[in-house]
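Q: Before I ask anything, here is the structure I am working with.
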Amino acid sequence: MKTINKVLFTSLLGLAFLSSCKKNHYESEGEISPIIYMSFVKALHNGDDVVLAKEKLMGATQIAGVVISDRTSGNFDNNELVVQNTARGKVSGLIFKFTDNNTNINYGDSVKIEIENCVLGRENGAMKVKGPNLNFAKVTKVASNKEVTPRLVSLTQLYSEFLNYENTLVQVLNVAFPDLVGGETYAGEVKMGEESNVFIYLSTKTTASFAQKSLPLLASFKGIPTYYNANSNYYNTAKLQFKMPNERGAFNETGAAYANFPEDFELAPATSKASYLMPAINDVATFKTGAWRIYQGIISNVVNVDKYNPSGKQAIRMKDQLSEDAFLEMRFDLLSGASKVTFSYGVPNVGSITASTFDLEYSQNEGLTWVKVGQSVTNAGKDAQEAVFNVNVSGKVRFRIRKLGLGLNTSTVSNGLLNIDDFKVFQNVN
């Protein structure tokens, strides 16, 4: 009886083990699938290289996923693919290093890769699958143009959880480059973000198709986090890199500010315009950026009244209660387009605080016609605020502020004074 019970118990254990195996990777018509979860494979690595023998993979021999590196961009080695897989809600990614070069596997391809007896390990910090028999003949393309949605993450979160995001597609928004001095291109490495304790580097190979493109001052990015250690294979002492799959990995780009901007309206003395109209000089004054038309406005320097930058003394004050529009207008063109315009605005601290409404406009035909940017802005406070307009204009361009002539102030109409200062234009990097 004891022998029978022992045999029965052993049989039940065996059935439970087989059931567990089936639950831990893909099944096909009741049979154990040859495809294993990528997260299962990655968990086999505990610091030392692992030979991916069939028995270690519960009988499987393949990994499936979607390619998130772009062979056409030149930003990845020709003999490598980065493949991402999502299984049971867990996103995982691996680099596959082949013995030959890629000629027909593209970004967004769904693939199956034969990995039996390949080696899982870290090379210069990055986790890879490689082996003397791993060539592109082991890759089967299942489908093309699969859409991979990147996971949205902050730079701080990416830094603190880098291992969890390694070799997968992520998206970070509104990234600045604090070490830029101007004129840099994508080629090489540049620190991302302004946090002093976060060191993630945007890394671009010199062979990338976008390597010589100008770096934006600010942008959002889609890319692949990976480790790089020039001196060993350890990831815990490696540099944290972020690699764009291709040029489309950067969006909402803001170029560097033009020389001499922001315009602080300090160069021309306030006494050069004593009234709101200057017919003798066609309402034009010259500042450090060039000539500006100031129609129904003055260069004002009244202390504790007008809104200035911290080191400035002057601002442009535009007249109130007009039935015609007032203008602060560039009389010169900028030649590298524009990606963003910012400036300070506020109500002068004099009399009653009354709102006004203004538009930002641009012209690409030397001021003959003008195009409105975004929505009208209504200013209702005396404290200086910053206006930010994102634009995407290529070629020569000039800008102006149009203060709307809404007429006299009434219970339903607000048309007060308006101050403008620190006008800044950023180049277009596209």
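Each reported figure results from applying straightforward, stated rules to the coordinates on display, with no laboratory input. The shown structure was predicted, so the numbers you read here are calculated from the model rather than taken from an experiment. Cβ placement follows ideal geometry from the backbone for every residue including glycine, while neighbour counts extend to all protein chains displayed.
Q: Under a 5 Å amide H to amide H cut-off, with H placed in plane at 1.01 Å, what residues pair with TYR37 once short-range neighbours are removed?
A: For TYR37, the qualifying residues are TYR26.
Q: Of the residues VAL371, VAL50, VAL83, which exhibits the maximal mean-square fluctuation in a Gaussian network model of the chain defined by a 10 Å Cα contact cut-off?
A: VAL371
Q: I need the calculated FRET efficiency for the pair ASN365 and ASP49, taking r as the beta carbon distance and R₀ as 41 Å, to the nearest 0.05.
A: After rounding, the FRET efficiency stands at 0.05.
Q: Hey, rough spin-label estimate for LEU152 and ASN133, points 7 angstrom out along Cα→Cβ, what's it come to in nanometres?
A: Between LEU152 and ASN133, the label points sit 4.6 nm apart.
Q: Something else: What percentages, rounded to whole numbers, describe P(r) for the stretch 270-426 computed over all alpha carbon pairs with 5 Å bin width beginning at zero?
A: All Cα pairs considered, the percentages come to 2, 9, 19, 23, 22, 16, 8, 2, 0.
Q: Relative contact order of the stretch 270-426, please, whole-number percent, based on alpha carbon pairs below 8 angstrom and at least 6 residues apart.
A: So the answer I get is 30 percent.
Q: Then there is this: Across the stretch 270-426, how many lysine pairs, 8 or more apart or on two chains, come within less than 14 Å at their alpha-carbon atoms?
A: 7
Q: Let me ask you something else. At 7 Å along the Cα-to-beta-carbon direction for both THR237 and THR185, put a label point, then send me their distance in nm to one decimal.
A: Here the answer is 3.4 nm between the modelled labels.
Q: Multiply the residue gap between ALA259 and SER272 by 0.36 nm, knock off their C-alpha separation, and tell me the result in nm, one decimal place.
A: 2.2 nm
Q: In what sequence do MET38, MET192, MET127 fall when counting other Cβ within 10 Å, fewest first?
A: MET127, MET38, MET192
Q: Hey, another quick one. Evaluated at 20 °C with a viscosity of 1.002 mPa s, what Stokes-Einstein diffusion coefficient in µm²/s does the stretch 348-430 have when Rh comes from the Kirkwood expression over alpha-carbon pairs?
A: 148 µm²/s
Q: Quantify how much of the Cα-Cα distance distribution of the stretch 61-191 extends past 18 Å, in percent.
A: 59 percent
Q: If each DSSP helix of 4+ residues adds -39,500 (n - 2.57) and the sum is divided by the residues in the chain, what number results at 222 nm, nearest 500 deg cm²/dmol?
A: Counting only the DSSP helices, I get -2500 deg cm²/dmol.
Q: Springs between alpha-carbon atoms under 10 Å, Gaussian network over the chain: tell me which of SER311, SER92, SER209 tops the mean-square fluctuations.
A: Highest fluctuation among the options: SER311.
Q: Still on this structure, I have one more. Need one number for the stretch 98-171: average projected area of the convex hull over its C-alpha atoms, nm².
A: 6.1 nm²
Q: Now for a separate question. Going by how many other Cβ atoms sit within 10 Å of their own, how do VAL66, VAL284, VAL129 line up, fewest first?
A: Fewest-to-most ranking of VAL66, VAL284, VAL129: VAL284, VAL66, VAL129.
Q: Something else: Mind checking which of ARG71, ARG248, ARG122 has the largest fluctuation in a GNM of the chain, springs on alpha carbons under 10 Å?
A: ARG248
Q: If you count the DSSP beta bridges with both ends in the stretch 31-143, what percent of them are antiparallel, to the nearest 5?
A: 85 percent
Q: Farthest toward the dipole's positive end in the chain, which of GLN212, GLY183, ASN101, given Cβ charges of +1 (Lys, Arg) and -1 (Asp, Glu) about the Cα centre?
A: Selected residue: ASN101.
Q: Something else: Please report, to two decimal places, log10 I(q)/I(0) for the chain at q = 0.09, 0.13 Å⁻¹ as given by the Debye formula with identical point scatterers on the Cα atoms and no solvent.
A: -0.71, -1.05
Q: May I pose another question? When DSSP assigns beta bridges and you keep just the ones with both residues in the chain, what percent turn out antiparallel, to the nearest 5?
A: Once the DSSP bridges in the chain are tallied, antiparallel ones form about 90 percent.
Q: Then there is this: Charges on Cβ only, +1 for Lys and Arg, -1 for Asp and Glu, centred on the Cα centroid of the stretch 31-143; of GLY65, ALA126, ALA53, which one is farthest towards the dipole's positive end?
A: Of GLY65, ALA126, ALA53, it is GLY65.
Q: Debye sum, Cα scatterers, the stretch 211-284, no solvent: what log₁₀ I/I(0) at q = 0.12, 0.26, 0.28 1/Å?
A: -0.62, -1.16, -1.23
Q: Inverting the mean 1/r over all pairs of different Cα atoms, compute the Kirkwood radius of the stretch 216-340 and quote it in Å.
A: Over the stretch 216-340, the inverse of the mean reciprocal pair distance is 18.6 Å.
Q: Moving on to the next point. Return one quarter of the surface area of the convex hull spanned by the alpha-carbon atoms of the stretch 151-253, equal to its mean projected area, in nm².
A: Approximately 6.4 nm², given one-decimal rounding.
Q: Turning to a different aspect of this structure: From the phi of every residue in the stretch 285-299, what ³J(HN,Hα) in whole Hz does the Karplus formula 6.51 cos²θ - 1.76 cosθ + 1.60 yield, where θ is phi - 60° and glycine or proline is x?
A: 10, 9, 10, 5, 8, x, 8, 10, 8, 10, 9, 6, x, 9, 8
Q: Mind sorting ILE281, ILE353, ILE401 by how few other Cβ atoms lie within 10 Å of their own Cβ, fewest first?
A: Working: ILE281 10, ILE353 16, ILE401 25.
Exposure proxy ranking, most exposed first: ILE281, ILE353, ILE401.
Q: What percent of all Cα-Cα pairs in the stretch 190-233 falls into each 10 Å bin, going from 0 up to the bin containing the maximum distance?
A: Histogramming the stretch 190-233 at 10 Å steps yields 19, 52, 26, 3 percent.
Q: R0 = 41 Å: FRET efficiency of LYS205 with ALA291, Cβ-based, nearest 0.05?
A: Using R0 = 41 Å, I get an efficiency of 0.40.
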